[in-house]
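Peer 1: Please find one structure pasted underneath; my questions will follow.
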Amino acid sequence: MPETVDTVLSGREVLDALVGNLERVIVGKRPVVELAMAVLAAGGHLLLTDVPGVGKTVLGRAMARSIGGTFKRVQCTPDLLPSDITGGMVYDAGRSTFRFVPGPLFANVVLADELNRATPRTQAAFLEAMDEGQVSADGAAHPLPKPFFLIATLNPLEQHGTYPLPEGELDRFLASASLGYLSVADEAVMVARQQHSHPVDLLRAVTDPMQVLQVQDAVRRMRVDPTLITYAVEIVAATRDRSDVIFGGSPRASLGLVRLAQARALLAERDFVVPDDIKGSARAVLVHRLVMRGRGDTASALIDEILSRVPVPVFRR
(Lines give C-alpha, C1' and ligand atoms only; values in the text may rest on other atoms or scores of the structure.)
Protein backbone atom coordinates (compact mmCIF):
# COMPACT_ATOMS: atom_id res chain seq x y z
CA MET A 1 0.00 0.00 0.00
CA PRO A 2 1.46 3.43 -0.93
CA GLU A 3 2.88 5.45 1.96
CA THR A 4 0.52 8.35 1.28
CA VAL A 5 -2.51 6.09 1.67
CA ASP A 6 -1.10 4.67 4.93
CA THR A 7 -0.60 8.21 6.17
CA VAL A 8 -4.16 9.20 5.28
CA LEU A 9 -5.65 6.15 7.00
CA SER A 10 -3.63 6.61 10.18
CA GLY A 11 -4.32 10.35 10.27
CA ARG A 12 -8.02 9.77 9.68
CA GLU A 13 -8.10 7.19 12.50
CA VAL A 14 -6.53 9.67 14.91
CA LEU A 15 -8.98 12.43 13.97
CA ASP A 16 -11.95 10.03 14.15
CA ALA A 17 -10.90 8.98 17.64
CA LEU A 18 -10.54 12.61 18.72
CA VAL A 19 -13.94 13.61 17.33
CA GLY A 20 -15.60 10.64 19.02
CA ASN A 21 -13.94 11.44 22.34
CA LEU A 22 -14.98 15.09 22.22
CA GLU A 23 -18.56 14.18 21.43
CA ARG A 24 -18.74 12.43 24.78
CA VAL A 25 -18.73 15.88 26.39
CA ILE A 26 -19.74 18.27 23.56
CA VAL A 27 -23.31 17.31 22.68
CA GLY A 28 -25.02 18.11 19.38
CA LYS A 29 -22.19 20.21 17.92
CA ARG A 30 -20.40 17.82 15.58
CA PRO A 31 -19.69 20.46 12.85
CA VAL A 32 -17.86 22.69 15.37
CA VAL A 33 -16.04 19.69 16.86
CA GLU A 34 -14.89 18.61 13.40
CA LEU A 35 -13.82 22.16 12.59
CA ALA A 36 -11.79 22.31 15.81
CA MET A 37 -10.09 19.04 14.89
CA ALA A 38 -9.39 20.30 11.37
CA VAL A 39 -7.86 23.52 12.72
CA LEU A 40 -5.67 21.52 15.11
CA ALA A 41 -4.64 19.19 12.28
CA ALA A 42 -3.84 22.21 10.09
CA GLY A 43 -1.59 23.67 12.79
CA GLY A 44 -3.74 26.79 13.21
CA HIS A 45 -5.67 28.53 15.98
CA LEU A 46 -9.41 28.88 16.58
CA LEU A 47 -11.54 31.91 17.45
CA LEU A 48 -14.91 31.28 19.12
CA THR A 49 -17.46 34.09 19.21
CA ASP A 50 -20.22 33.04 21.54
CA VAL A 51 -22.46 33.70 24.50
CA PRO A 52 -21.31 32.50 27.94
CA GLY A 53 -21.93 28.99 29.16
CA VAL A 54 -22.15 27.06 25.88
CA GLY A 55 -19.05 24.89 26.38
CA LYS A 56 -16.04 26.83 25.12
CA THR A 57 -13.87 26.01 28.13
CA VAL A 58 -15.08 22.40 28.09
CA LEU A 59 -14.01 22.13 24.45
CA GLY A 60 -10.48 23.26 25.31
CA ARG A 61 -10.19 20.95 28.32
CA ALA A 62 -11.56 18.01 26.36
CA MET A 63 -9.14 18.57 23.48
CA ALA A 64 -6.16 18.70 25.83
CA ARG A 65 -7.22 15.50 27.62
CA SER A 66 -7.93 13.74 24.32
CA ILE A 67 -4.44 14.38 22.94
CA GLY A 68 -2.74 13.60 26.24
CA GLY A 69 -1.50 17.18 26.44
CA THR A 70 -1.48 20.03 28.92
CA PHE A 71 -4.20 22.67 29.26
CA LYS A 72 -4.07 26.23 30.57
CA ARG A 73 -6.80 28.86 30.76
CA VAL A 74 -6.19 32.63 30.75
CA GLN A 75 -9.01 34.89 31.85
CA CYS A 76 -8.33 38.11 29.96
CA THR A 77 -8.98 41.28 31.95
CA PRO A 78 -7.89 44.92 31.51
CA ASP A 79 -5.24 44.59 34.26
CA LEU A 80 -3.62 41.52 32.68
CA LEU A 81 0.04 42.14 31.76
CA PRO A 82 1.96 40.51 28.89
CA SER A 83 4.27 38.78 31.38
CA ASP A 84 1.20 37.25 33.07
CA ILE A 85 0.73 35.30 29.84
CA THR A 86 4.21 34.67 28.49
CA GLY A 87 6.13 34.41 31.76
CA GLY A 88 9.24 36.40 32.60
CA MET A 89 12.60 36.61 34.27
CA VAL A 90 12.62 36.08 38.04
CA TYR A 91 15.59 36.53 40.35
CA ASP A 92 16.79 33.27 41.91
CA ALA A 93 18.38 34.26 45.22
CA GLY A 94 19.91 30.82 45.74
CA ARG A 95 21.85 31.02 42.50
CA SER A 96 22.21 34.81 42.44
CA THR A 97 20.93 34.92 38.90
CA PHE A 98 17.77 35.44 36.87
CA ARG A 99 15.83 32.53 35.44
CA PHE A 100 12.84 32.32 33.12
CA VAL A 101 9.54 31.24 34.69
CA PRO A 102 7.06 30.09 31.99
CA GLY A 103 3.57 31.60 31.86
CA PRO A 104 0.30 29.88 30.98
CA LEU A 105 1.09 30.00 27.25
CA PHE A 106 3.37 27.02 27.85
CA ALA A 107 0.77 24.33 27.27
CA ASN A 108 -0.44 22.24 24.34
CA VAL A 109 -3.96 23.73 24.46
CA VAL A 110 -4.45 27.28 25.75
CA LEU A 111 -7.84 28.96 26.18
CA ALA A 112 -7.72 32.77 26.12
CA ASP A 113 -11.15 33.62 27.50
CA GLU A 114 -12.66 36.95 26.42
CA LEU A 115 -9.52 38.01 24.58
CA ASN A 116 -10.99 41.40 23.72
CA ARG A 117 -11.07 42.37 27.40
CA ALA A 118 -7.27 42.48 27.48
CA THR A 119 -5.50 45.71 26.53
CA PRO A 120 -3.92 45.97 23.06
CA ARG A 121 -0.45 45.59 24.62
CA THR A 122 -1.44 42.31 26.25
CA GLN A 123 -3.25 41.11 23.13
CA ALA A 124 0.00 41.61 21.23
CA ALA A 125 1.74 39.17 23.58
CA PHE A 126 -0.10 36.35 21.82
CA LEU A 127 1.18 37.22 18.34
CA GLU A 128 4.68 35.75 18.55
CA ALA A 129 3.29 32.58 20.13
CA MET A 130 0.70 32.19 17.35
CA ASP A 131 3.14 32.90 14.54
CA GLU A 132 6.37 31.30 15.69
CA GLY A 133 5.49 28.92 18.52
CA GLN A 134 7.73 30.73 20.97
CA VAL A 135 7.88 33.68 23.35
CA SER A 136 10.78 36.05 23.91
CA ALA A 137 11.98 37.31 27.26
CA ASP A 138 15.10 39.33 28.00
CA GLY A 139 16.37 38.79 24.47
CA ALA A 140 16.05 35.01 24.56
CA ALA A 141 13.51 32.86 22.70
CA HIS A 142 11.67 30.15 24.61
CA PRO A 143 9.91 27.52 22.46
CA LEU A 144 6.38 26.50 23.35
CA PRO A 145 5.27 22.87 23.64
CA LYS A 146 4.32 21.13 20.41
CA PRO A 147 1.62 21.01 19.31
CA PHE A 148 0.52 24.47 20.44
CA PHE A 149 -3.16 25.21 19.91
CA LEU A 150 -4.77 28.49 20.99
CA ILE A 151 -8.52 28.85 21.41
CA ALA A 152 -9.60 32.44 21.97
CA THR A 153 -13.13 33.45 22.86
CA LEU A 154 -15.04 36.68 22.34
CA ASN A 155 -18.36 37.55 23.95
CA PRO A 156 -20.62 39.33 21.43
CA LEU A 157 -23.10 40.56 24.06
CA GLU A 158 -20.84 42.41 26.50
CA GLN A 159 -19.23 45.40 24.89
CA HIS A 160 -18.47 47.52 27.95
CA GLY A 161 -14.81 47.39 28.91
CA THR A 162 -13.64 45.63 25.77
CA TYR A 163 -10.89 46.48 23.30
CA PRO A 164 -11.41 45.63 19.63
CA LEU A 165 -9.05 43.04 18.26
CA PRO A 166 -6.75 44.55 15.61
CA GLU A 167 -7.02 43.17 12.10
CA GLY A 168 -3.50 41.76 12.33
CA GLU A 169 -4.44 39.62 15.31
CA LEU A 170 -7.71 38.42 13.81
CA ASP A 171 -5.79 37.45 10.69
CA ARG A 172 -3.65 35.05 12.72
CA PHE A 173 -6.60 32.86 13.63
CA LEU A 174 -7.00 30.20 11.00
CA ALA A 175 -10.75 29.84 11.52
CA SER A 176 -13.67 31.07 13.59
CA ALA A 177 -16.89 29.45 14.71
CA SER A 178 -19.76 29.67 17.16
CA LEU A 179 -21.05 26.83 19.34
CA GLY A 180 -24.43 28.47 19.96
CA TYR A 181 -27.25 27.17 22.10
CA LEU A 182 -28.23 23.51 22.14
CA SER A 183 -31.56 22.13 21.05
CA VAL A 184 -33.90 21.23 23.92
CA ALA A 185 -33.22 17.51 23.41
CA ASP A 186 -29.42 17.93 23.32
CA GLU A 187 -29.46 20.25 26.32
CA ALA A 188 -31.43 17.68 28.29
CA VAL A 189 -28.79 15.05 27.42
CA MET A 190 -26.03 17.42 28.52
CA VAL A 191 -27.72 18.16 31.85
CA ALA A 192 -28.36 14.46 32.52
CA ARG A 193 -24.70 13.60 31.87
CA GLN A 194 -23.52 16.13 34.46
CA GLN A 195 -25.77 15.12 37.35
CA HIS A 196 -23.05 13.31 39.29
CA SER A 197 -19.77 14.32 37.65
CA HIS A 198 -18.49 16.20 34.65
CA PRO A 199 -17.83 13.93 31.64
CA VAL A 200 -14.62 15.78 30.81
CA ASP A 201 -13.09 14.53 34.07
CA LEU A 202 -13.61 10.96 32.85
CA LEU A 203 -12.02 11.45 29.42
CA ARG A 204 -8.89 9.53 28.61
CA ALA A 205 -6.31 10.30 25.96
CA VAL A 206 -6.93 8.62 22.61
CA THR A 207 -3.66 9.83 21.09
CA ASP A 208 -0.54 11.73 22.14
CA PRO A 209 1.16 15.00 21.12
CA MET A 210 3.65 13.17 18.87
CA GLN A 211 0.83 11.59 16.86
CA VAL A 212 -0.84 15.00 16.52
CA LEU A 213 2.38 16.35 15.02
CA GLN A 214 2.38 13.43 12.58
CA VAL A 215 -1.20 14.27 11.59
CA GLN A 216 -0.18 17.88 11.00
CA ASP A 217 2.63 16.65 8.75
CA ALA A 218 0.15 14.45 6.87
CA VAL A 219 -2.11 17.48 6.28
CA ARG A 220 0.74 19.41 4.70
CA ARG A 221 1.25 16.53 2.26
CA MET A 222 -2.34 16.44 1.01
CA ARG A 223 -2.24 16.94 -2.75
CA VAL A 224 -3.72 20.20 -4.04
CA ASP A 225 -4.19 20.64 -7.77
CA PRO A 226 -2.86 24.01 -9.05
CA THR A 227 -6.33 24.88 -10.36
CA LEU A 228 -7.68 24.54 -6.82
CA ILE A 229 -4.96 26.78 -5.41
CA THR A 230 -5.99 29.39 -7.97
CA TYR A 231 -9.65 28.84 -7.02
CA ALA A 232 -8.89 29.47 -3.34
CA VAL A 233 -6.92 32.63 -4.14
CA GLU A 234 -9.72 33.91 -6.39
CA ILE A 235 -12.23 33.51 -3.54
CA VAL A 236 -10.04 35.49 -1.14
CA ALA A 237 -9.19 38.12 -3.76
CA ALA A 238 -12.89 38.66 -4.44
CA THR A 239 -13.26 40.07 -0.91
CA ARG A 240 -10.94 42.96 -1.72
CA ASP A 241 -11.51 46.22 -3.60
CA ARG A 242 -15.21 46.34 -2.81
CA SER A 243 -17.15 49.38 -1.71
CA ASP A 244 -18.83 47.47 1.13
CA VAL A 245 -15.57 46.08 2.55
CA ILE A 246 -12.94 48.05 4.48
CA PHE A 247 -10.50 45.15 4.83
CA GLY A 248 -10.70 41.97 2.76
CA GLY A 249 -8.88 38.68 3.07
CA SER A 250 -5.09 38.76 3.19
CA PRO A 251 -2.57 36.44 1.50
CA ARG A 252 -2.40 34.68 4.88
CA ALA A 253 -6.10 33.96 4.42
CA SER A 254 -5.35 32.28 1.07
CA LEU A 255 -2.71 30.11 2.73
CA GLY A 256 -5.10 29.27 5.54
CA LEU A 257 -7.95 28.41 3.18
CA VAL A 258 -5.82 25.87 1.32
CA ARG A 259 -4.40 24.42 4.55
CA LEU A 260 -7.82 23.99 6.17
CA ALA A 261 -9.08 22.39 2.94
CA GLN A 262 -6.20 19.92 3.20
CA ALA A 263 -7.27 19.07 6.75
CA ARG A 264 -10.86 18.55 5.58
CA ALA A 265 -9.56 16.19 2.90
CA LEU A 266 -7.79 14.15 5.57
CA LEU A 267 -10.99 14.03 7.63
CA ALA A 268 -12.74 12.68 4.53
CA GLU A 269 -10.06 9.95 4.17
CA ARG A 270 -8.62 11.36 0.96
CA ASP A 271 -5.03 12.28 0.11
CA PHE A 272 -6.13 15.02 -2.28
CA VAL A 273 -8.26 18.18 -2.04
CA VAL A 274 -11.50 18.65 -3.99
CA PRO A 275 -13.40 21.92 -4.64
CA ASP A 276 -15.92 21.19 -1.87
CA ASP A 277 -13.07 21.15 0.67
CA ILE A 278 -12.28 24.76 -0.27
CA LYS A 279 -15.90 25.90 -0.43
CA GLY A 280 -16.65 24.22 2.88
CA SER A 281 -13.72 25.99 4.55
CA ALA A 282 -14.25 29.48 3.13
CA ARG A 283 -16.73 30.81 5.68
CA ALA A 284 -14.72 29.64 8.72
CA VAL A 285 -11.50 31.09 7.32
CA LEU A 286 -12.83 34.43 6.07
CA VAL A 287 -15.78 35.60 8.18
CA HIS A 288 -13.70 36.94 11.08
CA ARG A 289 -11.17 38.55 8.77
CA LEU A 290 -13.55 40.77 6.81
CA VAL A 291 -14.25 44.27 8.10
CA MET A 292 -17.50 45.49 6.58
CA ARG A 293 -18.28 49.16 5.97
CA GLY A 294 -21.99 49.33 6.84
CA ARG A 295 -23.88 47.92 9.78
CA GLY A 296 -26.31 46.14 7.50
CA ASP A 297 -23.52 44.44 5.59
CA THR A 298 -22.60 40.98 6.85
CA ALA A 299 -19.45 39.08 6.06
CA SER A 300 -21.35 35.79 5.88
CA ALA A 301 -23.67 37.08 3.15
CA LEU A 302 -20.71 38.42 1.19
CA ILE A 303 -18.89 35.08 1.37
CA ASP A 304 -21.99 33.22 0.18
CA GLU A 305 -22.32 35.64 -2.73
CA ILE A 306 -18.65 35.21 -3.68
CA LEU A 307 -18.87 31.41 -3.55
CA SER A 308 -21.87 31.50 -5.89
CA ARG A 309 -20.08 33.81 -8.32
CA VAL A 310 -16.49 32.52 -8.52
CA PRO A 311 -16.38 29.70 -11.09
CA VAL A 312 -15.58 26.28 -9.69
CA PRO A 313 -12.74 24.72 -11.71
CA VAL A 314 -13.26 21.49 -13.56
CA PHE A 315 -11.41 19.08 -11.33
CA ARG A 316 -10.13 15.62 -12.10
CA ARG A 317 -8.40 13.42 -9.60
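Peer 1: State which residue is surrounded by the most Cβ atoms within 10 Å (Cβ to Cβ) when the search covers only segment 179-197 and only residues that are in contact (Cβ under 8 Å) with a residue 12 or more places away in the chain and not in a helix (DSSP H, G or I).
Peer 2: Within segment 179-197, the match that is surrounded by the most Cβ atoms within 10 Å (Cβ to Cβ) is Leu179.
Peer 1: I would also like to ask the following. Which condition does Gly133 not pass, out of (1) at pLDDT 90 or above; (2) closer than 21 Å to Gly53 by Cβ, if it passes all the others?
Peer 2: (2)
Peer 1: From the list Asp208, Asp171, pick out the single residue that is touching a residue at least 12 places away in the same chain (Cβ under 8 Å) and either surrounded by 14 or more Cβ atoms within 10 Å (Cβ to Cβ) or not assigned by TED's automatic domain parsing to the domain that holds Leu47 (or both).
Peer 2: Asp171
Peer 1: Quick test for you: out of Val90, Val39, Val74, pick the one residue that is within 27 Å of Pro143 (Cβ to Cβ) and out of contact with any helix residue (DSSP H, G or I) (no Cβ under 9 Å at 6 or more places or on another chain).
Peer 2: One residue alone meets the criteria, Val90.
Peer 1: Then there's this: Met130 versus (1) closer than 25 Å to Val258 by Cα; (2) free of Cβ contacts under 8 Å to residues at least 60 places away in the same chain; (3) of a type outside the set (D, E, K, R): which is the lone unmet condition?
Peer 2: (2)
Peer 1: Further, regarding this structure: Got a sec? Which helices (runs of 4 or more DSSP H) wholly within segment 220-317 have at least 1 residues that are outside the structural domain of Glu169 (by TED's automatic domain parsing) and of a type in the set (Asp, Glu)?
Peer 2: Filter on segment 220-317 gives 226-237, 275-286, 299-309.
Peer 1: Here's something else I'd like to know. Where the second residue is crowded, with 19+ Cβ neighbours inside 10 Å and among the acidic types (Asp, Glu) and the first is farther than 15 Å from Leu286 by Cβ and lies in segment 40-58, which pairs have Cβ atoms under 8 Å and are six or more apart or on separate chains?
Peer 2: Lys56/Asp50; Lys56/Asp113; Thr57/Asp113
Peer 1: Being of a type in the set (Val, Ile, Thr) and touching a Lys or Arg at 6+ places or on another chain (Cβ under 9 Å) narrows it down to one of Thr122, Thr77, so name that one.
Peer 2: Thr77
Peer 1: Just the residues that are in contact (Cβ under 8 Å) with a residue 60 or more places away in the chain and either farther than 16 Å from Ser178 by Cα or hydrophobic (A, V, I, L, M, F, W, C) (or both), please, taken from segment 269-293.
Peer 2: Those that are in contact (Cβ under 8 Å) with a residue 60 or more places away in the chain and either farther than 16 Å from Ser178 by Cα or hydrophobic (A, V, I, L, M, F, W, C) (or both): Glu269, Arg270, Asp271, Ala284, Val285, Val287, Val291.
Peer 1: Taking the residues in segment 284-312 that are in contact with an Asp or Glu (Cβ under 8 Å, 6 or more places away or on another chain) and charged (D, E, K, R) as candidates, determine which candidate is nearest to Ile246 (Cα to Cα).
Peer 2: Arg293
The values are calculated or read from the model by the stated rules, or taken from the named source; none is laboratory data. From a predicted model like this one, the values you see are computed outputs, not experimental measurements. Because the Cβ atoms are built from the backbone with ideal geometry, glycine has one as well, and the counts that use them run over all protein chains shown.
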